[in-house]
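All remarks here apply to the structure that follows.
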Amino acid sequence: MRALSLFAAGVAAWVLLPAAAQAQATAEGADRIRLGLKDWIATHLATADKSVVFNFQGPITVEPQGKSYKAVIPRSEVVFADEGDPSRLALDPVELVLTPLENGWLDTVATIPSTYRVVPAKGDDKGVEVTIGTQALRGVFAPQYHAFMSLDGKLGQITAHSLNPAEAKGALEIDQIALTGDSKAVGQDTYDSSGTIALSGISFLDETGAQLFRLDGATVDGKAAAADMAALRAFSDKLTDLQKRYPPQPGGEMPKEFLAELGRVFGASPKLFDDFGFTYGLNGLEVTPGTGDVNKVTLASGGFGVGIASLAKDASTFRITLDLAQLGIDPLPEFGQFVPQSATVELALTNLPNQALLQALTGMLDSSATLGPDQAAEIATAQLQQAVLNSNGALEIRSFKASSPVTSIDLTGTLRPNPKAPLMMTGDARLVVTGLEQALEAAKTAPDGQEMVQGLTVLQTMGAQEEVDGKPARTYKLVIGENGDILLNGTDLKPLLGMR
């Protein structure tokens, strides 16, 4: 919400103050904060295309209170342009209590509005109201970085509902949103940082009051290693300046000049961090559609993660992870016994040439101004392919496991680019399948299972019969050789694939 942006705006103004902590707040310091807040709001909240406009109903006030300052951002109205049908959001005042710490950072306590009502010009009945029952927002802000170095905040009893009387029983409810974060210095202006947003008790009710969706918890975790906070602040300021100078064109496209300058910004930026990644998780999911053939879908837990490591070095590793546990569908659809109920996946692209990738990115952005985005993307793709082929990288299938009520699979392997090989790659992989016989019997009894029977029969025939973890299994070892051979359990597959 923009109110949270105002929260950040309040503390950002402290960059204008001396770094040393003051024993007592002063009127002069309060005036500098007020001017800084006013400048920050004008700089960061105004949009060049007027898609979002803030109309404040009074001046910002800042008062010294002992060793702290109390700042009040006045009541305002936010207008969101939407193709001739603007929506309006009335905001109550935002209060900030800022206490300087010995290192010049700021202990910050914020109180944001408890009600947000977005109303389109066409009528209140198309609007939405969000209420917050409880709140406790606190963090430590570093003025020189325009960033919070720690966070400990909670918002509770959150409800969003339509203003249409016919939909009065419908609502999105969240018991709590918790925000936590921390940063530890590992060098000059360099920090290992982590942050988490955790939601609990999420439910969605339809217009009749029936629960369609329930989620016990959801999290978003972010981590950065060796983040250069000064460089990130400079990079962010440059992006903000570009967005102001080159607002989006009609249709949402960015001007070519913006893309060209963006490429130069990326090219001139120092290493911003070494490792960076996000993970998303959920637990206790229950969906009850109320209509259709499925009565209920449940999931005990699920997660997805992406990350990149060693960006500050010559070569990096990009990683993707996925997991889910105890997926349930009631009643099971046709072939539902083959649907995985649990899975874990971990894939990695290793030894990616960082400098070559950066050059391809900056070159694409720069050439977009003259060649157009489509042709520039084609050239960049070719450059990336060549860079990866010439690297010592690999696609590693570190784990690919899935289990259904009748079968399970376990796949591992590595593929390596090789410009000298006929297939431009070499590699090997091993697949283990258990429960294949049970799957065949289940497919034979299914009304439309003939094609599946044929496919499973071929799969069974091509596999080597082994025992894995005390269970009968079929194993498949695939090898792609430097001479162009494609071998499955030692058998040449090229004739089957129509290759010579």
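Before moving on, here are some points about what is shown:
- Less than 5 angstrom separates the built amide H of F213 from those of F204, T288, all sequence-distant by 5 or more or on a different chain.
- Mean sequence separation of contacting Cα pairs (under 8 Å, at least six apart), scaled by the length of the chain, corresponds to a relative contact order of 7 percent.
- Computed on segment 372-484, with alpha-carbon pairs under 8 angstrom and 6+ residues apart, the relative contact order is 23 percent.
- For the residue pairs K169/K296; K401/K477; K50/K256; K70/K244; K184/K271, the C-alpha atoms sit more than 23 angstrom apart in K70/K244.
- For the chain, size of Cβ-based charge dipole, Lys and Arg +1, Asp and Glu -1, in debye: 940 debye
- More than 16 Å apart - percent of Cα-Cα pairs taken over segment 124-215: 65 percent
- Among 139-148, 180-189, 254-263, the peptide with the highest mean count of other Cβ atoms within 10 Å heads the list, and the full ranking is 139-148, 254-263, 180-189.
- Dimensions in Å of segment 208-306 - Rg and Dmax from alpha carbons: 21.5, 56
- Taking 0.36 nm per residue of separation and subtracting the Cα-Cα distance, full extension of the segment from D241 to V294 would add 14.0 nm.
- Per residue, in Å², the accessible surface of segment 417-500 once ligands and nucleic acids are set aside, probe 1.4 Å: 64 Å²
- Summing +1 for each Lys or Arg and -1 for each Asp or Glu among the other residues whose beta-carbon sits under 13 angstrom from that of L172 gives -4.
- Environment charge at D275 (Cβ cut-off 13 Å; Lys +1, Arg +1, Asp -1, Glu -1): +1
- Three-way shape label, segment 197-243, alpha-carbon gyration tensor, a/c 1.5: oblate
- The order of the peptides 238-244, 108-114 by mean Cβ neighbours within 10 Å, most packed first, is 108-114, 238-244.
- Look at the dipole of segment 172-303 built from charges on Cβ: of T219, A230, G277, the Cα furthest out on the positive end belongs to A230.
- Here the label points at V458 and H44, each 7 Å from Cα along the C-beta direction, are separated by 5.9 nm in the simple model.
- Carbon plus sulfur fraction of accessible area for segment 86-233, probe 1.4 Å, in percent: 54 percent
- Cα-centre dipole for segment 263-401 with unit charges at Cβ (Lys and Arg positive, Asp and Glu negative), debye to 20: 360 debye
- V345 contributes an accessible area of around 20 Å² to the protein surface, as traced by a 1.4 Å probe with all chains present.
- Across segment 189-244, C-alpha contacts under 8 Å between residues 6 or more apart give a mean separation that, scaled by the residue count, equals a relative contact order of 41 percent.
- 5 angstrom amide H check on T426, placed H, neighbours 5+ away: R416, N418
- Backbone HN-Hα couplings from phi across segment 276-283 [Karplus 6.51/-1.76/1.60, Hz, Gly and Pro as x]: 7, x, 10, 10, 10, x, 8, 8
- For mean projected area of the Cα convex hull in nm², calculated from these coordinates, the label among (1) 27.6; (2) 25.0; (3) 29.8: (3)
The values are calculated or read from the model by the stated rules, or taken from the named source; none is laboratory data. Quick caveat, the model's predicted, so the values are computed rather than measured. Cβ: placed from backbone, ideal geometry, glycine included. Neighbour counts: every protein chain shown. Please note that ligands, DNA and RNA were not included when accessible areas were found on the heavy atoms of the full protein model with its side chains. Shrake-Rupley method; radii C 1.70, N 1.55, O 1.52, S 1.80 Å.
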